[in-house]
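Just so you know, all these numbers are worked out from the coordinates, no wet-lab data involved. Because the structure is predicted, anything quoted here is derived from the model rather than measured. Reconstructed Cβ throughout: ideal geometry from the backbone, glycine too, with neighbour counts over all protein chains shown.
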Amino acid sequence: MTGVADRRGGAGRGAASPPAVDLMDVTKHFGAVEAVRGVNLRIEPGEVVAFLGPNGAGKTTTIDMVLGLTEPSAGDVEVYGSEPRDAVRKGLVSAVMQSGGLLKDLTVAETVAYTAHLFTDTRPPAEVLERAGITSIAGRLVGKCSGGEQQRLRFAMALLPDPDLLLLDEPTQGMDVEGRRSFWAAIRRDAQAGRTIVFATHYLEEADAYADRVVLMRKGEIVADGTASEVKALASGRTVRASLPDACEEALRAISGVDRVEIRGESILVHCTDSDAVARYLLTQTRARDLEITALGLEEAFLALTSAEPGQPLAGAGTGRATDHQTRSRSRTEPRSDIEPYSDHQARSDIEPRSDHQARSDHQARSHIEPRSDHQARSDIEPRSGDGSRAGRRDLRR
Amino acid sequence: MSTPPAVHDPARRASPPLGGFKVALVRLEVRRLLRNRRTIVFTIVVPVLFFLLFGLNSAYASRAVGRGNVSAFIMISMALYGAVLATSSGGAMVSVERLAGWSRQLRITPLQPAAYIAIKMATSLVLGLAAVLAVYTAGILTHKPSMPAELWVATGAALWIGSLLFAAFGLFVGYLLPSENVMQVIGFALMLFSFGGGLFIPLSQFSHPLRVLATYTPLYGLNELVHYPLVQGAFDWTWTANLVAWLVIFTAGATWRFRKDTARI
């Protein structure tokens, strides 16, 4: 997190336009439980940021603090340079909550009208209904709406004050694939206007496809921060695993494309970008046997980065690569400059496996993961790709 | 890339006046209440039925009481019953809204907590007025209740305003019991209070210990006070004391729970 401190000491403060969100050494504990631990995060106007992490990572607590729903135990939160409550009162920030927050005995149109009356100046209710794609169900009672329709209603309500910052807390939780796609289509149309959007998710796919910056959280801390492709790169490459007594670490490191080498007794793990070269070397120049090549997909990257034990430094996180990424991603001026590489994902159906550069294990992971809730999916995945992900995790921890 | 970020000048934006209280919001809340058939039946239909059942009995209805008759006396009691049911259910709406996460949703709008309470109070009063008007209309249509015209207005207005005491009660219970069952609790409590206050059976028919106990219940003071213009006679300051004491208790309770609730902000 040194990048943040440096920036802050520099030109960051007191500039003409304050950051959309500024979290400074923010800590929140509920009793003995530390939900958020010393988070520093600055989000510039126009960024589309994903908070990615498993349940209990502190995503919702962080969002609650940005909204002024929860006071930090320590540290400061500023939204456009003001206190969160003030920003809310002025309609600068609004949110789409995960669930609840609707009255069953109002109609969709009435709910929007009710919310509109709460602000001094709003977009016309008919317009937000249109933008959220729920004009056709305006007369329906909220209690009779599907989960996806209710979520689009929440989105419409959030659009009313025409906020500069929109927060979405796991907005597609419990939606079917079609619901998620149309929900994100609405959000994406909106993001094009330059609104700052921060969303929490534990769907990697969403973070990858819709965010131009991914903030990975684990156990109340930020473990990586960069573009989706940078976060992916943290765990890219492949791991070659083999049994090789008396392995020579130097020789392995000398092979081109090798990042890390780990020797555990007779087992070796070589993390590399050119697994063919490593395999060829091992099989032709050494007595290696039981050779396995594992690719790290996004799921594994996610697991690797989010499931390491707290306290242990992560390769990508505090030091090394991610910090570079952080600085780079922050100095970017064009908010959605790297959305392009993902346009293929967006176009594609959510359940279709990737056919491009991703390895096979990734396909399996994906097609299994999509229709279900993330949690089941992740626990399903672990045993299957266990070796790969475990190896990846270790590598990353170095 | 294409369009510049739509950043507004934060100073341009103002918070709404009156903490966000608006008549239009009360109108939407009333519409919500009217959609709840159970609320309508219990607060409007039941008091009218009670009046028709007990207030027209030829055995005693025309007997004189103060400046009117027994039928008028019972009409006032039933209107009070309807009004307090209406205001307490209005207050208790906070319970359902907290459960639904609506209160939390409202916290990410400029609406101030005090304005939210004011909206709930105003909504309760509208429903309370409907309950009073329904019973009084039944009274007019049946021609049984008799009292001077100004007493119709005076008693009606007094019990309507007085029923605000139970909006505080509803809020207190609503914040205390975060469940959909809060209406059952309130319905039962108000039934007890109504007996204790002498709304259903004259307190003179209670045994002595029960009668003494009844004078400490929350509807006793209010009930005696709203009947006073009709009944006349000696004014008893314990009625006012009872009313003020319960007002303090309910308001303090509601404020306490309300503060606890908003402290989570």
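Neighbours of B:Leu28 by Cβ distance under 15 Å: Lys/Arg scored +1, Asp/Glu scored -1, total +3.
Across the range A:237-295, the volume of the C-alpha convex hull divided among the residues equals 63 Å³ per residue.
With neighbours defined as other Cβ atoms within 10 Å of a residue's Cβ, the residues A:Glu292, A:Glu34, B:Glu150, A:Glu44 order from fewest to most as B:Glu150, A:Glu292, A:Glu34, A:Glu44.
Using θ = phi - 60° in the Karplus curve 6.51 cos²θ - 1.76 cosθ + 1.60, the 3J(HN,Hα) couplings for the range A:77-84 round to 10, 10, 10, 6, x, 10, 4, x Hz; x is entered for Gly and Pro. Its Kirkwood hydrodynamic radius, worked out from the mean inverse distance over all distinct Cα pairs, puts the range A:35-124 at 15.2 Å.
Here r is the Cβ-Cβ distance between A:Thr120 and B:Phe200 and R0 is 60 Å; the resulting FRET efficiency, rounded to 0.05, is 0.80. Label zone (B:Val153, point 7 Å along Cα-to-C-beta; backbone nitrogen cut-off 20 Å) within the range B:213-232: B:226-232. For A:Val36, the residues whose amide H sits under 5 Å from its own are A:Lys28, ignoring neighbours fewer than 5 places away on the same chain, with H placed 1.01 Å from N. Take the Cα of B:Ala14, step 7 Å toward its Cβ, do the same at B:Arg38, and the gap between the two points is 4.3 nm. Just to be sure I understand the curve: with the Debye formula and one point per C-alpha of chain B, what is log10 I(q)/I(0) at q = 0.07, 0.11, 0.13 Å⁻¹? Evaluating at q = 0.07, 0.11, 0.13 Å⁻¹ gives log10 I(q)/I(0) of -0.29, -0.63, -0.84. Here each label is just a point 7 Å from Cα along the line to Cβ, and for B:Asn57 and B:Asp261 those points are 4.0 nm apart. For the range A:237-295, calculate the relative contact order in percent as a whole number, restricting contacts to Cα pairs under 8 Å that are 6 or more residues apart. After rounding, I find 48 percent. The modelled label-to-label distance for the pair B:Ala64/B:His143, using points 7 Å beyond Cα in the direction of Cβ, is 2.2 nm. Across every direction, the projection of the convex hull enclosing the Cα atoms of the range A:152-212 has a mean area of 3.9 nm².
How much length, in nm to one decimal, is gained on full extension between A:His29 and A:Lys104, taken as 0.36 nm per residue of separation minus their Cα-Cα distance?
Numbers: separation 75, 0.36 × 75 = 27.00 nm, distance 3.30 nm.
So the chain would gain 23.7 nm between A:His29 and A:Lys104.
Can you give the longest stretch of chain B with no exposed loop site, where a site means chymotrypsin sites (Phe, Trp or Tyr not before Pro) in a DSSP loop (not H, G, I, E or B) with at most 16 other C-beta atoms within 10 Å? No qualifying site falls inside B:61-199, the longest such stretch.
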